[in-house]
Amino acid sequence: MTKLDKPVFNRLALIGAGLIGGSIARAARAQGAAASIVATARSAASRKRIAELGFADQVLESNAAAVEGADIVIVCIPVGACGPVAEEIGPHLMKGAIVSDVGSVKGSVLKDMAPHLPDHVHFIPAHPVAGTENSGPDSGFAELFVNRWCILTPPPNADQAAVDKLRAFWTAIGANVETMSAEHHDLVLGITSHLPHLIAYTIVGTAEELSNVTRSEVLKFSAGGFRDFTRIAASDPTMWRDVFLANKDAVLEMLGRFNEDLSSLTRAMRSGDGQALYDHFARTRAIRRGIVEIGQDSAVPDFGRTHPSLPAEPLPRPYAADTE
Ligand code: NAP
C-alpha cells in the first residue's frame with residue numbers, strides 16, 4: 001500500500017475509538033487518508049487512553065462537538081447505541097458530510113440512525129468484516145483492514161459520488177470494498193459471523209456447566225478443538241448482545257437451518273451411516289480450502305500459531321496434529 005498524496009477527507013470524526021475506531025484512526029493516519037482526526041469515547045478512562053496512545057489529533061468528550069466541521073463521521077460503537085448517538089450528532093453535522101458506521105448489523109443501524117440525520121448529509125452505512133476478540137483503544141492496529149472486505153450498504157437513493165468517496169477511503173486503508181443491500185448483508189453475516197458466534201458462546205457455556213468433566217480437564221485438553229471456539233466466545237459481550245438483538249430474524253432463520261442439519265448428522269451417527277458423515281465432512285473441508293485459496297486465511301497448520309517452546313523444525317506428522 002502506498003501512502004496517499006492527498007487525503008480523501010479533511011476532518012475525520014470517529015464516534016467511539018475502541019478496536020475498530022482505533023484501527024481506522026491508526027490506518028487513516030498511516031496512509032494519509034484524513035488530514036485530521038478527532039475521536040470520542042464514552043468514558044473518561046478511554047478518552048485518557050486515546051490521548052496517551054496519540055492516534056487522534058484531538059480527543060473530545062462531546063460527540064456533537066466532534067462532528068462540527070467534519071466531512072466524514074464514522075460511528076464506531078455497539079449497534080444498540082447508534083440511534084441515540086445519531087440523535088445527538090444530527091443537528092451538528094456539516095452540510096455535505098458523509099455519515100457512516102461500522103456496525104456488524106446493517107438493517108437496524110439504517111432504521112435507527114436515518115430518522116435523526118438531516119437531508120443535507122449523505123448516510124452510507126458500512127461494515128468492515130475484520131476484527132479480533134479484543135476491545136478498547138489499546139486493541140486497535142493499522143493493518144486490521146488490509147485485504148479484508150468492507151461492505152457498504154448505501155440506501156437506494158444514495159449519492160454515488162459520496163459512495164465512491166467512502167469506497168476510496170476504505171481502499172486507502174487496505175480494504176476490498178463491496179456494495180450490497182442492508183437486508184442481504186444481514187443474511188450473509190448471519191451465517192458467516194453471527195451464527196458461528198452463537199454456536200461458540202453455546203458450546204463454551206455447555207462445557208462450563210458440565211458436572212462429570214472437571215473445569216481443569218476442559219482447560220487442559222482444550223487443544224482437541226474447544227480452544228478455537230473459546231477465542232470467538234471471548235468476544236465483547238455488549239457488542240454481541242446488540243448483534244443478536246438487532247439481527248434476530250436472519251440469525252433465527254440460519255439457526256433453523258443449522259438445527260435441521262445437526263439433526264441429520266445426529267441421525268447418521270445414531271444409525272451408523274459412516275458414508276453420510278464422511279460425505280458431509282469432505283464437503284466442509286472444501287470450504288476451508290476455498291477460504292485459504294482466496295487469501296482470507298493462512299494455510300499454515302494450527303491457524304499459524306507459533307509454538308516457541310517447540311523445536312523450529314516441524315515435528316513428525318502424528319505429533320504435529322493438534323485436533324482430534
Ligand atoms: P470497542 O472496542 O468496545 O469500542 C467501542 C467504542 O464505543 C469505545 O470507544 C466505547 O467507549 C464507545 N461506546 C460504547 N458504548 C457507547 C455508547 N453507549 N455511546 C457512545 N459510545 C459508546 O468495540 P469495537 O469492537 O470497536 O466495536 C464497535 C462496532 O464495530 C460495533 O458496532 C461492532 O458491531 C462493530 N464491529 C466490530 C468488530 C469486532 O471484531 N470487534 C468487527 C467489525 C465491526 P468506552 O471505551 O468509553 O466504553
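The values are calculated or read from the model by the stated rules, or taken from the named source; none is laboratory data. Just so we're clear, the structure is a prediction, and the values are computed from it rather than from any experiment. No Cβ is skipped: glycine too gets one built from the backbone with ideal geometry, and neighbour counts run over all protein chains shown. Just the protein is used for accessible areas: all its heavy atoms, side chains included, with ligands, DNA and RNA removed. Shrake-Rupley method; radii C 1.70, N 1.55, O 1.52, S 1.80 Å.
Could you please let me know if Glu68 is under 22 Å from Arg47 (Cα atoms), over 18 Å from the mean Cα position of the chain (by Cα) and not hydrophobic (A, V, I, L, M, F, W, C)?
Criteria met by Glu68.
Report every pair of residues separated by at least 6 positions or lying on different chains whose Cβ atoms are under 6 Å apart, first residue within region 13-26 and at negative phi and touching a residue at least 24 places away in the same chain (Cβ under 8 Å), second assigned to a helix (DSSP H, G or I) and among the hydroxyl-bearing types (Ser, Thr, Tyr).
Listed pairs, sorted by first residue: Leu19/Ser139.
Which members of region 98-124 meet the condition of being small (Gly, Ala, Ser) and either closer than 22 Å to Arg42 by Cβ or in contact with a Lys or Arg (Cβ under 9 Å, 6 or more places away or on another chain) (or both)?
Ser100, Gly103, Ser104, Ser108
Could you please give the count of residues in region 151-190 that are of a type outside the set (Lys, Arg) and part of a helix (DSSP H, G or I)?
Residues meeting the conditions: 20.
Are any of the residues in region 98-108 among the basic types (Lys, Arg), more than 14 Å from the ligand (Cβ to nearest atom) and closer than 26 Å to Ala65 by Cα?
So far as region 98-108 goes, no, none of its residues is among the basic types (Lys, Arg), more than 14 Å from the ligand (Cβ to nearest atom) and closer than 26 Å to Ala65 by Cα.
Name the single residue, out of those in region 117-158 being among the charged types (D, E, K, R) and at pLDDT 95 or above, that is least open to solvent (accessible area, probe 1.4 Å).
Checked region 117-158; the qualifying residue least open to solvent (accessible area, probe 1.4 Å) is Arg148.
For region 88-102, how many residues meet the condition of being more than 20 Å from Phe9 (Cβ to Cβ) and under 25 Å from the mean Cα position of the chain (by Cα)?
Residues flagged as more than 20 Å from Phe9 (Cβ to Cβ) and under 25 Å from the mean Cα position of the chain (by Cα) within region 88-102 amount to 1.
Just name the residue that is least open to solvent (accessible area, probe 1.4 Å) out of those in region 188-217 that are among the small types (Gly, Ala, Ser) and touching a residue at least 60 places away in the same chain (Cβ under 8 Å).
Taking the candidates together, the pick is Gly190.
How many residues, within region 258-291, are surrounded by 13 or more Cβ atoms within 10 Å (Cβ to Cβ), within 26 Å of the chain's Cα centre (by Cα) and among the charged types (D, E, K, R)?
0
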